Amino acid sequence: MEAGAVLLLLFALSGTSSALSFYGDSVSFVAPRKTKDETFTVTYYHRQNGRNACKNQNQNQSLSCEAGVCTNVDESAVVQTDEGGTGQNKWCQSEGRTTATFPSNRTTLSLRGSGCCWVSNVEGNKKDWTTHAKLDLGTRSDTHAINRCPVTTTVSSLRVPQNCFKQVRLLAHDPDGDKVRCRFATDATVPPNVDLDETECTLKSTGAVQTGVHVFELMLEDHSTKNVTLTYADGTSVFREASNQTLPPLCGVKLQFSMEVLPPIPNCVAGHVQPMFLSRTPSHGDLLHATVGQMFQLYAEAQAHHATIEDFQVSGPQNMTKVFKDGESGKAEVTLSWTPQHSDTYRFVPVCFTAETKETQSEMRCVVVLVTQSSITQGKATVHCSTNKMTVVLEKASMPDIDENFLKLRDPSCSLTSNSTHIIGTISFSACGTIFEDKGDFIVFKNEINSFEMPEEIIIRRKSVQIDFSCDFPKTISISSYYNLKKSDYIFTESSFGSFGYTFEIFRDKKFTSKVEASAYPVQVKLLEMVYMGIQATSELPNVTLFVESCKATPDDNPDNVLFYDLIKNGCLEDETVKIHPSDQTSFNFEVQAFKFTGNYEQVYITCSVILCEPGSPFSRCAQGCLKDPSRRRRRGLSMETGGHYITQGPLRFVGPAAPRAVEDAVEKKGDTLAAVNYPPLSSDIRPSGDGWRFKKVLTSNISTVVFASAFIVSLVLMAVIVRHYNRRRKMEDCNVLIEPDLET
């Protein structure tokens, strides 16, 4: 007999209508609770997916406990949660709720179930199905409660065209913040050319996957990321070291689903035939909050330009309603409404959804809804978005009884500051746990502020806080390289100009047609070369003018660094090597001789302040051009123009031998900022101005050195030949002088 209680879940599917109709299932828990009579109660929810009407699913669901261990088994009616709205019975999902009582002298809790029959599948040998879950019942030293299992589910019917199958993200949320590992179940049949990213819980294709329905059986297992001690009801305890990879999981739940691989389609771009979720849709993996007795609503919107969205497929809790609405330009939306009951308190509810067309479906998005007895304090937050960071400001007055010392960002190593009235956080788009997401029509950088508890705290009297904040940028150009070292694309919005963006690139030559690839960053540069850079503006308005008001260099990507060097200032050229190349009104191309900063700095970033103007206005900053006296600058309100926006490019990293001292001394210094001049090997067509510079370049070029060395050697050889020739001639003449007197004799 196992140490843990074994609860047998027998799902008897009666009648021929259930044959070959099982699409998969999932189990989720409410953490076991200890009662006054020293027993445990556990509540779990079982979702089952199929093709036929939900009334034929789980009709005779029963629960039995081995050796009569369990008592007070309460099974609620199985309720339909979603079905296909087109009348074709393509999918259906149901959910049942079960509560059972068992003795506290157990160390583990096991649930098992089985049934028939899997939908007809490519693997062929999959007919009967089994499901199970196993939970450790020790009380954790970090949460002072029994471990909570990973939360997961899927929609009933997943579909993907063969040529568009790249990855499928699955929900793997752990309420305790543990690391969740996904793996194929030991008895699973894995389709060829399908791999599983165990840490991200994502299916990935490694080649063409055979068309047809495939069956997937996964185990989701959680492991604590920190050392914990588990204490059991009998007084025993076990220490678990986080670094020990051989320890069994704290909980394991099985996730089963089927996925149909469809024939290829002409275009896999999201939003073409496959629906694409738009910005108002929650992100995959979001943790949302609901309150007992209050209506919770979730809103999703999708678009397919060349297909019709007919429905949204949803996996949600009992009594969640769905309202579908189609719109213009291939858009459609759904509103999900649900009012949690007292039995849902402290429940982590998984919700997944897809947008459906006849041909295919969108990606699957999943969120988790945490139900609490009272509302989570949201507070009043103001977010300021800039080029590469966001600042969140919270009013203390809007959050009474909140202890600011127990607030943290997604990355707790980043801190918040405060004054007498506000709590302030400045967060980089690439740090402090900030998440980047492409939401189709918008790109989003988001973070969150949460309250936390100390491990040694037994009770608290602080209110819980959860504040999400983000910067949303309308996507007019791609920013796929935003997180690379290559920083080229920026997007902004202003009420009078709508959305507009800038592309900042390094080019290989003065033609400004061949960009330096993203893989080449950081760009390596050498001495006595030229760097070619270009800025391109993109705007929703048909006629705008780009103006570059300033460009400066810094040793890092912080434009506010106190160490900087001006290339362009107030629209005027400050560095004598900067040369502006002709371009159209939305482009700015220039070249500059590379340089480095005094001290131990091996790289340089270039940051420019750029403005868009309405052309033809004599009062715009673009029309004013170079202003030696900035006080003459007219106010922005007199003309149609944007504010100045900083865009950054780099880094340029210096490699190769140092410049000769004579060359370094020839460079004009401004203050103590500029120390040496270096040049990147970006162009084969380099023609620096001035004979002096051309001569110095020849002297320091590696190729020229070889040529001069060769010429020098040839000169020595020729000189040796000439010297030898004259020596032989002189000897012959001397010889003739000696011979002639003898002849006379």
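From the list Glu260, Glu241, pick out the single residue that is on the phi < 0 side of the Ramachandran plot, charged (D, E, K, R) and either surrounded by 13 or more Cβ atoms within 10 Å (Cβ to Cβ) or touching a strand residue (DSSP E or B) at 6+ places or on another chain (Cβ under 8 Å) (or both).
Values: Glu241 fails: either surrounded by 13 or more Cβ atoms within 10 Å (Cβ to Cβ) or touching a strand residue (DSSP E or B) at 6+ places or on another chain (Cβ under 8 Å) (or both).
Every option except Glu260 fails the conditions.
For the stretch 545-561, does any single residue satisfy the condition of being assigned to a loop (DSSP other than H, G, I, E, B) and over 29 Å from the mean Cα position of the chain (by Cα)? Spell out how you get there, then give the answer.
If we filter the stretch 545-561 for residues that are assigned to a loop (DSSP other than H, G, I, E, B), which is where we start, we get 555-561.
The next check asks that each one be over 29 Å from the mean Cα position of the chain (by Cα); those that pass are none.
No: zero hits.
Do we have any residue at all in the stretch 316-323 that's of a type in the set (Gly, Ala, Ser), in a helix (DSSP H, G or I) and closer than 19 Å to Arg47 by Cα? No - not one qualifying residue is present in the stretch 316-323. Residues that are touching a residue at least 60 places away in the same chain (Cβ under 8 Å) and among the charged types (D, E, K, R) within the stretch 263-286 comprise just one, Asp286. With respect to Ile568, determine if the residue is surrounded by fewer than 16 Cβ atoms within 10 Å (Cβ to Cβ) and either among the polar types (S, T, N, Q) or at pLDDT 90 or above (or both). Considered against the rule, which asks whether it is surrounded by fewer than 16 Cβ atoms within 10 Å (Cβ to Cβ) and either among the polar types (S, T, N, Q) or at pLDDT 90 or above (or both), Ile568 comes out as no.
Within the stretch 25-39, residues that are within 30 Å of Cys352 (Cβ to Cβ) and in contact (Cβ under 8 Å) with a residue 12 or more places away in the chain sit with their Cβ atoms under 7 Å from residues that are in a loop (DSSP other than H, G, I, E, B) and among the hydrophobic types (A, V, I, L, M, F, W, C), at 6+ positions apart or across chains, in these pairs: Phe29/Cys149; Ala31/Ala145; Pro32/Leu137.
Can you find even one residue in the stretch 133-144 that is at positive phi, under 34 Å from the mean Cα position of the chain (by Cα) and either assigned to a loop (DSSP other than H, G, I, E, B) or not hydroxyl-bearing (Ser, Thr, Tyr) (or both)? Looking through the stretch 133-144, at least one residue is at positive phi, under 34 Å from the mean Cα position of the chain (by Cα) and either assigned to a loop (DSSP other than H, G, I, E, B) or not hydroxyl-bearing (Ser, Thr, Tyr) (or both).
Out of Asp195, Asp187, report the one residue that is of a type outside the set (Val, Ile, Thr), surrounded by fewer than 16 Cβ atoms within 10 Å (Cβ to Cβ) and in a strand (DSSP E or B). Working first, answer last.
Working: Asp187 fails: in a strand (DSSP E or B).
Only one candidate qualifies: Asp195.
With respect to (1) touching a residue at least 60 places away in the same chain (Cβ under 8 Å); (2) part of a loop (DSSP other than H, G, I, E, B), the lone exception for Asn163 is condition (2).
Yes or no: Thr206 surrounded by fewer than 21 Cβ atoms within 10 Å (Cβ to Cβ) and either modelled with pLDDT under 95 or closer than 25 Å to Gly316 by Cα (or both)?
On the way: surrounded by fewer than 21 Cβ atoms within 10 Å (Cβ to Cβ): yes; either modelled with pLDDT under 95 or closer than 25 Å to Gly316 by Cα (or both): yes.
Yes; evaluated as a whole, the condition is true for this residue.
Taking the stretch 333-447 as the region of interest, the strands (runs of 3 or more DSSP E) fully inside it that hold 3 or more residues being more than 30 Å from Thr153 (Cβ to Cβ) and either acidic (Asp, Glu) or modelled with pLDDT of 80 or more (or both) are 381-385, 389-395, 422-428. Counting residues in the stretch 55-68 that are assigned to a loop (DSSP other than H, G, I, E, B), at pLDDT 75 or above and of a type outside the set (Asp, Glu) gives zero. The number of residues in the stretch 115-132 being part of a strand (DSSP E or B) and not small (Gly, Ala, Ser) comes to 7.
Taken together, the criteria exclude Cys626 from residues that are modelled with pLDDT under 90 and on the phi < 0 side of the Ramachandran plot.
Only one of Ser104, Ser94, Ser114, Ser110 is small (Gly, Ala, Ser), surrounded by fewer than 21 Cβ atoms within 10 Å (Cβ to Cβ) and under 37 Å from the mean Cα position of the chain (by Cα); which?
Working: Ser104 fails: under 37 Å from the mean Cα position of the chain (by Cα); Ser94 fails: surrounded by fewer than 21 Cβ atoms within 10 Å (Cβ to Cβ); Ser114 fails: under 37 Å from the mean Cα position of the chain (by Cα).
Residue meeting the stated conditions: Ser110.
How about the stretch 458-541: which strands (runs of 3 or more DSSP E) wholly inside it have at least 1 residues that are at pLDDT 70 or above and aromatic (Phe, Trp, Tyr)? First the steps, then the outcome.
Numbers: elements: 466-474, 489-494, 498-507, 523-525, 530-539.
Once the strands (runs of 3 or more DSSP E) in the stretch 458-541 are filtered for at least 1 residues that are at pLDDT 70 or above and aromatic (Phe, Trp, Tyr), what remains is 466-474, 489-494, 498-507, 530-539.
Matching residues to (1) over 34 Å from the mean Cα position of the chain (by Cα); (2) outside the structural domain of Asp509 (by TED's automatic domain parsing); (3) crowded, with 20+ Cβ neighbours inside 10 Å:
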{"site": "Val531", "(1), (2), (3)": "no, no, yes"}
{"site": "Thr538", "(1), (2), (3)": "no, no, no"}
{"site": "Pro582", "(1), (2), (3)": "yes, no, no"}
{"site": "Tyr601", "(1), (2), (3)": "no, no, no"}
{"site": "Val604", "(1), (2), (3)": "no, no, yes"}
{"site": "Thr607", "(1), (2), (3)": "no, no, yes"}
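The values are calculated or read from the model by the stated rules, or taken from the named source; none is laboratory data. All of these numbers come straight from a predicted model, not from anything done at the bench. Please note: Cβ atoms are built from the backbone with ideal geometry, for glycine as well, and neighbour counts cover all protein chains shown.
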